[in-house]
Amino acid sequence: MSTVQKVRRSKVRLEEREAVETLVRDAVADQSVWDLHTHLYPPAFGSPLGGAKHSADPRGLLLWGIDELLTYHYLVAEVFRVATPSELPYADFWRMTKSEQADHIWRHLFLERSPISESCRGVLTTLQAFGLDPADRDLKGYRKWFAQQPLDEHIDRVMELAGVNRITMTNAVFDDNERQRWLEDEKVGADPRFAGVLRFDPLVRDWPAAAAKLSEWGYPAGERLDQSGVDSAKRFLGDWIDRVDALYGAVSLPPGFRYEGADDGRDGSRVLSEVVLPVLAERGLPFAMMIGSELRVNPELRDAGDMVGQSDVSSVVRLARDFPGNRFLCTMLARENQHALAVAARKFGNLMVFGCWWFLNNPSLVDEITRMRVELLGLSFVPQHSDARVLEQLVYKWRHSRELIADVLVDKYADLAATGWRTTEGEVRRDVGLLLEKNFTNFLSRRES
Ligand code: FIX
Ligand code: ZN
């Protein structure tokens, strides 16, 4: 809908709308963000080969630089659609070096076709933000520039360009690479720019496998979940929440996840009700559920092989209802679940909806979902997180999202103006501060009765 049509529809005068537009866009552009879910790490976690001035540790967890940007798993999925496995078998791609993979993606998705997808455009937004010229199409030159960036200062620069003042990690305790680093150096996460989050999917998704690991790690637990297993799992969670200094606990759950009561016969439901939620409530920490990822539907694609599936909002409703002493952060992966999830949040103040996750982080869907959430939830939700896996993605993910969130807010404040209500600049900045930072930080510090 054009601006003139919007003005005509909302009956607000054009100059008034323009004033609202300037005010709102400035407020969104100026507002710092606490990014509540990323897969980023401080330099102490090492960086795989391919960046510059970093440890030569091939297991490094901090991904950064142009080759990592180009080989983001979103782009791996997209390149196999055009350079199909019959032309380039998966195994041959995975045998390539990171730079060879990046060259392959650059050629097929940027040079031989216009880089019009959201993930391709993101790489170019990022290059442009650093003052590099995408029109040069000079991948060698970009590589040279990134290789000259001292990593620590580069992190500061990225956060400044993205307007992000705190980066929340995903510390997956069942991942050996991650766990070993904490056991070797309890201070590995001590970088004030980053905050820890304990991620423990297997505990809820696959108790028998998790129990075997717990036993290996000194927390004896049997395949059949019994009281001693519950006690071990609670001790394990407590130890690691403290070690990571976790802001919240988190799991990603499949579309088939169901919670129909602590005694619904599912291991996952007992682990949630007897282990996870009591431990988090005791510590006053929220529990984040990211629901709807069907893992490795195409295992050949590795991280790029996951799929979306419609999930069960009623299970989220039951958890929010049955555990009033817990706080739940929740995002769902299917577009079809978004409306019901927003309605569920209207029913429970201990349920905070957040982000346009993964396959939803595209302009058409961020606009649709954010508009719907403002209309249903006002200012009481967290519109976005980046899910960045490569450091510099913070720049494009937040630039793109800010623009979209501002688009929605301009319309909403113009609609407000059309009623005769007057919103001051201070009030708009207060509201935007809630959406991009304070709703999350307030939710962290709130203790439920
Ligand atoms: O479970 C998750 O944290 C997902 O966000 C990731 O597994 C996924 O690969 C991703 O990075 C999506 O943006
Ligand atoms: Zn993620």
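The values are calculated or read from the model by the stated rules, or taken from the named source; none is laboratory data. Predicted model only: the values in this text are computed from it and were never measured. Reconstructed Cβ throughout: ideal geometry from the backbone, glycine too, with neighbour counts over all protein chains shown. Note: areas computed on protein heavy atoms with side chains; ligands, DNA, RNA excluded. Shrake-Rupley method; radii C 1.70, N 1.55, O 1.52, S 1.80 Å.
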Requested in this report: Label the range 145-291 by shape, choosing from rounded, prolate and oblate, from the square roots a ≥ b ≥ c of the eigenvalues of the Cα gyration tensor; if a/c is under 1.5 it is rounded, and otherwise prolate applies when a/b is larger than b/c, oblate when it is not.
Outcome: prolate
**Report entry** the chain, relative contact order in percent, only Cα pairs under 8 angstrom and at least six apart counted
**Finding:** 21
Query raised in the report: Leaving out ligands, DNA and RNA, what percent of the accessible area of the chain is carbon and sulfur, probe 1.4 Å?
Result: 51
Query raised in the report: Under a point spin-label approximation (7 Å from Cα along Cα-to-Cβ), what is the residue 419-residue 87 distance to one decimal in nm?
Result: 5.5
Report summary line: Scoring only Lys, Arg, Asp and Glu (+1, +1, -1, -1) among other residues with Cβ under 13 Å from the Cβ of residue 430 yields -3
Report summary line: In this structure, the FRET efficiency calculated for residue 121 and residue 263 from their beta-carbon separation, with R0 = 51 Å, to the nearest 0.05, is 0.55
Requested in this report: Within the chain, what's the longest run with no GluC sites (Glu not before Pro) in a DSSP loop and at most 15 other beta-carbon atoms within 10 Å? Give the range, please.
Outcome: 261-447
Report task. Subtracting the Cα-Cα distance from 0.36 nm times the residue separation, let me have the gained length for residue 216 to residue 231 in nm, one decimal. Result -> 3.9 nm
Requested in this report: With a length cut of 27 Å (Cα positions projected on each helix's long axis) and a Kyte-Doolittle mean of at least 1.6, go through the chain and give me the DSSP H helices that pass.
Outcome: none
Report summary line: The answer for the range 47-147, accessible area per residue at 1.4 Å probe in Å², is 47
Query raised in the report: Roughly how many Å is it from the Cα centre of the range 387-449 to that of the range 291-348, as a whole number?
Result: 22
Report task. Quick one: pull the percentage of alpha-carbon pairs in the chain with a separation above 32 Å. Result -> 41
**Report entry** Linear extension gain, residue 239 paired with residue 22, 0.36 nm per residue minus alpha-carbon span
**Finding:** 73.2 nm
Report task. Enter the Cα centre distance for the pair the range 164-234 and the range 1-43, rounded to the nearest angstrom. Result -> 39
**Report entry** Cross-link pairs beyond the 30 Å C-alpha cut-off, checked among 140/438; 187/438; 6/347; 347/438; 6/397
**Finding:** 140/438; 6/347
Report task. Enter the mean projected area of the convex hull around the alpha-carbon atoms of the range 338-401, in nm², rounded to one decimal. Result -> 4.4
Query raised in the report: Counting only DSSP beta bridges with both residues in the chain, what percent are antiparallel, rounded to the nearest 5?
Result: 5
Query raised in the report: Given the Cα-Cα distance of residue 129 and residue 13 and 0.36 nm per residue of separation, how much length would full extension add, in nm?
Result: 38.3 nm
Requested in this report: Pop the C-beta distance of residue 77 and residue 185 into the FRET formula with R0 = 22 Å and round what comes out to the nearest 0.05.
Outcome: 0.05
Query raised in the report: Rounded to the nearest 5, what % of the DSSP beta bridges within the range 209-360 are antiparallel ones?
Result: 15
